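Undergrad: Take this structure first; my questions come after.
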Amino acid sequence: MALTCQKLERVISSPTSSIGVAAVTVETPTSTMTTTSMAALASQICDQISSVFSQPTTHPPLSVIVDELSAASSRKGRVFVHGVGREGLMLKALCMRLFHLGLRAHCVGDMTTPHISSNDLLIASAGPGGFATVDAICGIAKSSGARVLLLTAHPESSSAAKLASAIAYIPAQTMADDEGETSGGAVALLPMGSVYEGAMFVLFEMVVFKLTEILGQSPEAVRARHTNLE
């Protein structure tokens, strides 16, 4: 996690980077914040996301997700992903990498998405606890005999939790507990569900790193699966 953030900070602060401008001013409706360098702002954002993974959990989300995906691969099952809004975008990014690793991965809603069955795994996200569409998709997957892995920041109040075979708890701020400011009264750096969504992206990069080792995939094999229709 620290390495990921350090790389991001180096890219932003690099004098040769196309985005490495010297400073940025952030405006609020009532005032203008102190000018902060992009590297410092990136560091603050990365620290906020990194803190999500420093919180103790009985079942670390990395282990839960890797175990479920490894098991799906072992039983020759397919992997389906589903989420709404920005959570859905993060899951689509994961789906692409799972395909690169040789898994049969599909995004729910695509016209080429096949029928889900008992050997398969659905990975769904409901950060704030539940969404009607996520609940419905999880219900269909469960009734079809597939395993359901739910990602959420609120497992205790999640309407989809009762449908899940396993839960990956990501203890991050979502829209359900966004108050627009920190405990000290300052304007929050990341709004709404951005901390949860950023944590999803970083978590999925860790998942891909672990799976690459477990599945014995070489960088050459991963690159060879990438589309040439670009």
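Undergrad: Mind checking which pairs have a first residue in segment 177-199 that is farther than 15 Å from THR152 by Cα and a second that is at pLDDT below 60 and surrounded by 14 or more Cβ atoms within 10 Å (Cβ to Cβ), Cβ under 6 Å, 6 or more apart or different chains?
TA: Pairs found: GLU181/VAL187.
Undergrad: Do you know which residues across segment 216-230 are in contact (Cβ under 8 Å) with a residue 60 or more places away in the chain and not in a helix (DSSP H, G or I)?
TA: GLN217, ARG225, HIS226
Undergrad: Checking PRO128 against (1) modelled with pLDDT under 95; (2) in a helix (DSSP H, G or I), which single condition isn't satisfied?
TA: Checking PRO128 against (1) modelled with pLDDT under 95; (2) in a helix (DSSP H, G or I), the one that fails is (2).
Undergrad: Separate question: Does LEU101 count as farther than 26 Å from PRO171 by Cβ, out of contact with any Lys or Arg (no Cβ under 7 Å at 6 or more places or on another chain) and crowded, with 18+ Cβ neighbours inside 10 Å?
TA: In short, yes.
Undergrad: Moving on to the next point. Find the residue count for segment 169-191, including only residues that are at pLDDT 85 or above, assigned to a loop (DSSP other than H, G, I, E, B) and buried (at least 17 other Cβ atoms within 10 Å of the Cβ).
TA: 6
Undergrad: Would segment 58-65 turn up any residue that is free of Cβ contacts under 8 Å to residues at least 12 places away in the same chain and assigned to a helix (DSSP H, G or I)?
TA: Yes, segment 58-65 has at least one match.
Undergrad: Tell me yes or no: at least one residue of segment 56-76 is at pLDDT 95 or above, over 19 Å from ILE167 (Cα atoms) and crowded, with 18+ Cβ neighbours inside 10 Å.
TA: Among the residues of segment 56-76, not one is at pLDDT 95 or above, over 19 Å from ILE167 (Cα atoms) and crowded, with 18+ Cβ neighbours inside 10 Å, which makes the answer no.
Undergrad: Assuming ASP110 fulfils every condition listed in (1) charged (D, E, K, R); (2) assigned to a loop (DSSP other than H, G, I, E, B); (3) within 19 Å of THR212 (Cα to Cα) apart from one, which condition is it?
TA: Single failed check for ASP110: (3).
Undergrad: Still on this structure, I have one more. If LEU149 satisfies all but one of (1) closer than 16 Å to VAL208 by Cβ; (2) free of Cβ contacts under 8 Å to residues at least 60 places away in the same chain, what's the number of the condition it fails?
TA: For LEU149, the exception is condition (2).
Undergrad: Being out of contact with any strand residue (DSSP E or B) (no Cβ under 6 Å at 6 or more places or on another chain) and of a type in the set (A, V, I, L, M, F, W, C) is the filter; apply it to segment 117-144 and report the residue that is surrounded by the most Cβ atoms within 10 Å (Cβ to Cβ).
TA: Top of the filtered list is PHE131.
Undergrad: Related question: So, in segment 99-147, exactly how many residues are touching a Leu at 6+ places or on another chain (Cβ under 6 Å) and within 23 Å of VAL195 (Cβ to Cβ)?
TA: So the count comes out to 3.
The values are calculated or read from the model by the stated rules, or taken from the named source; none is laboratory data. The structure presented is a predicted model; accordingly, all values stated were derived computationally and were not measured. Ideal geometry is used to build each Cβ from the backbone, glycine not excepted, and the neighbour counts take in all protein chains shown.
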